[in-house]
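This report concerns only the one structure given below.
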Amino acid sequence: MDRGIRSLIFTSMGHFSNDGNFLLFPVLITYYSLIPGISLVLLGAVAIIYNALSGLLSTPIGRMADRMDRDALMLALGIGINGISVGAFAVPFLYQSLTIPAILVGSILLGLGQSFYHPIGATIINESFEKKSSTRMLGINGSFGSLGRAVLPSIIVAVMLLVGNAKGLFLIMLYLLIFALIIYAGLRNFRRNENKPKKEKSLSISENRSMVKKYSKFLYILTMVVFIRSMFLTGTITFIPTFLTNVYHSRTIAVAIVTISFVTAIFGQPYFGSLTSKYGGRTIVIFTTIVSGIAFAGFIFFATNILISGISFAVFAFVTYSGFPVLLGFVGQVVPREISTTANGLVWGFGNTLGGAVGIAVIDGFKIFVSLGDSLTLMLIFALAAIIMLPLIPRNNRLPKSEKIEKTPNS
């Protein structure tokens with residue numbers, strides 16, 4: 001099988017599993033909140049833990065991956081840890097007295113597991129395809145992540161309903177562990193240096209840091225913008241299932257709205273991947289950030305109108321969950337492949353994921369003083385802040401000559 005096709009198939013399986021598990025805890029919040037003594041503020045704090053861990057660990061794991069060149073093993077390990085976290089989240093349904101320690105352990109494992117896929121998966125795709133096509137391939141790969149986000153919440157709820165809460169989660173755990181083994185088997189022969197001259201060696205720690213420093217202005221500014229943007233995006237999405245359940249008094253309707261909306265991102269990822277390839281990452285980052293803020297405002301201000309709010313949330317999901325090909329495609333257009341996973345880890349881990357954790361902490365603080373609906377409305381402050389910061393992202397003609405983005409005249 002062609003190296004690129006093999007990489008696309010098995011990384012897509014990983015993206016489907018990883019991102020499907022991303023919404024596990026927001027769905028479980030609606031169950032845990034019914035357990036006596038478990039508050040929504042506490043559950044929000046747990047969500048902060050796994051997002052913060054994932055964000056903090058992505059960059060060192062990315063740096064480790066750049067040095068080790070064992071991407072198949074590390075990718076499978078991340079999916080496997082995701083699976084084990086689901087087992088921990090099942091414990092409260094067996095022993096309510098262990099709810100707090102179980103969800104704490106589950107959140108730690110989930111944060112660790114979630115820190116692997118995005119920087120490593122993006123690197124495998126970028127290594128397997130030429131630059132002119134790799135961003136489009138990231139979009140196709142990302143669509144499987146969106147597919148996981150769209151269908152797995154409903155599958156999780158359905159399996160828990162059919163066989164029981166604990167047994168259902170253990171089945172999800174088993175599926176993730178099996179997928180981890182399949183992914184490792186499919187990618188076990190992948191090596192980044194396959195098409196490089198044998199004399200080229202992996203960068204040392206000091207060389208890696210030196211090269212990252214060369215691109216630090218671009219990376220740090222982009223990471224800062226992504227951080228604020230993710231405060232808004234992740235902070236809100238974590239509580240959307242609970243918010244919709246409160247509005248429509250039905251968990252089924254809430255999950256249905258989330259599922260249908262996330263289906264749009266299945267098509268959005270390859271679409272925005274192609275746009276990023278054609279127009280450049282900077283242009284598409286600006287566009288998706290502005291549209292996501294406007295769409296969420298429509299969703300929250302017309303929450304009681306299921307048609308308007310549903311369409312607004314669908315548009316929000318369409319542009320919001322294009323981040324994988326847009327952000328990491330943008331990074332891939334600028335930085336050399338030798339530091340791609342480190343750079344991906346910085347932008348995605350610290351910017352996107354850790355920013356999301358801070359956003360959850362902020363909205364958790366808001367909920368102490370105002371309702372969940374008002375808290376979500378207040379998060380539009382950070383959407384506006386991210387939009388105001390967009391001009392800070394360096395234009396192509398402001399990058400040093402060696403760092404200019406290839407074939408992106410409008411970026």
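The values are calculated or read from the model by the stated rules, or taken from the named source; none is laboratory data. No experiment lies behind these values; they were computed from the predicted model shown. Here Cβ is always computed from backbone atoms with ideal geometry, including for glycine, and neighbour counts include all displayed protein chains. Please note that ligands, DNA and RNA were not included when accessible areas were found on the heavy atoms of the full protein model with its side chains. Shrake-Rupley method; radii C 1.70, N 1.55, O 1.52, S 1.80 Å.
Could you report segment 1-133's accessible area per residue, 1.4 Å probe, as an integer in Å²? Before the final figure, lay out the partial values.
Numbers: 4360 Å² over 133 residues.
Accessible area per residue, segment 1-133: 33 Å².
Determine the share of the chain's accessible area contributed by carbon and sulfur atoms, expressed in whole percent, with a 1.4 angstrom probe. Present the calculation step by step, with values, prior to reporting the outcome.
Numbers: 11100 of 16120 Å².
Taking all protein chains in place, the chain shows 69 percent carbon and sulfur surface.
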| request: Measure off 7 Å from each Cα along the Cα-to-Cβ vector at residue 97 and residue 3, then give the distance between these two points in nanometres to one decimal. | output: 5.7 nm
| query | With a Cα-only, solvent-free Debye model of the chain, what are the log10 I(q)/I(0) values at q = 0.14 Å⁻¹? | reply | -1.23
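Mind ordering 97-107, 81-91, 231-241 by average Cβ neighbours within 10 Å, highest first?
Values: 97-107: 18.1, 81-91: 22.9, 231-241: 25.7.
Result, highest mean first: 231-241, 81-91, 97-107.
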| request: As a check on your grasp of the helix formula, calculate [θ] at 222 nm for the chain: sum -39500 (n - 2.57) over DSSP H runs of n ≥ 4, divide by the residue count, round to the nearest 500. | output: -25000 deg cm²/dmol
| field | Using alpha-carbon coordinates, inclination of helix 71-90 to the longest axis of the chain, degrees | value | 10 degrees
| request: Sort the following peptides by mean Cβ neighbour count (other Cβ atoms within 10 Å, averaged over residues), highest first: 118-129, 67-78. | output: 118-129, 67-78
| query | So for segment 11-88, what are the equivalent ellipsoid semi-axes in whole Å, largest first, each being the square root of 5 times an eigenvalue of the Cα gyration tensor? | reply | 29, 14, 9
| said: Suppose R0 equals 60 Å. What FRET efficiency, 1/(1 + (r/R0)^6) with r the Cβ-Cβ distance, do residue 278 and residue 253 give to the nearest 0.05? | reply: 0.95
| message | What FRET efficiency comes out for residue 178 versus residue 158 if R0 is 25 angstrom and r is the Cβ-Cβ distance? Round to the nearest 0.05. | response | 0.85
| Dividing the Cα convex hull volume of segment 13-148 by residue count, how many Å³ per residue is that? | 101 Å³
| message | Given points 7 Å out from each Cα along the Cα-Cβ axis, report the residue 217 to residue 73 separation in nanometres with one decimal. | response | 3.9 nm
| Which whole-number percentage describes the relative contact order of the chain, with Cα contacts under 8 Å and a sequence gap of 6 or more? | 28 percent
| message | So for each of 25-31, 325-331, 265-271 I average, over its residues, the number of other beta carbons within 10 Å; can you give me the resulting order with the highest mean first? | response | 325-331, 265-271, 25-31
| task | For residue 337 paired with residue 291, estimate the spin-label separation in nm (one decimal), with each label point 7 Å from Cα along the Cα-to-Cβ line. | result | 3.1 nm
